[in-house]
Amino acid sequence: MAAQNGRHDRPVGELLSELAEQTSTLVRQELALARAELLEKGRHAGIGAGLIGGGGALALFAFGALSAAVILLLDRAMAAWLAALLVAVVYGAVAAVLALKGRTEIEESTPPVPEQTVETLKEDVAWAKTQAGSDSR
């Protein structure tokens, strides 16, 4: 109760100064906490990205081994060079289809502007202007 009475006896300017100082300290502490948390999350994300990259590299090696197995299997029915050519043509065709599909997706995503949001913002501005015009009359 005495501490509460002590605050009542202090000038408002002093209390506001103390409030500003405490608020500033709190904001600095919160920013330091956020920075530490983001650094930790970034470290985990970096480790995860490295693991995904390693997995991707091993998957590429596995795909190469599987390709060799398919070529060796086809070698029983045709010449080895023809089997390798056939596998390469199939891979090339699949790659072309994926590339064309990817290009179509990229074209649909351009321009990189949130068009619906821009449109609704224009509508909001127009509405606000009509409201302001009707209020002044």
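With respect to (1) touching a helix residue (DSSP H, G or I) at 6+ places or on another chain (Cβ under 8 Å); (2) of a type outside the set (Asp, Glu); (3) at pLDDT 90 or above; (4) over 30 Å from VAL87 (Cα atoms), the lone exception for LEU74 is condition (4). Residues in the stretch 94-121 that are over 27 Å from the mean Cα position of the chain (by Cα) and of a type in the set (D, E, K, R): there are none.
The values are calculated or read from the model by the stated rules, or taken from the named source; none is laboratory data. Since we're looking at a predicted model, the values are computed, not measured. Glycine gets a Cβ as well: all are built from the backbone with ideal geometry, and neighbour counts include every protein chain shown.
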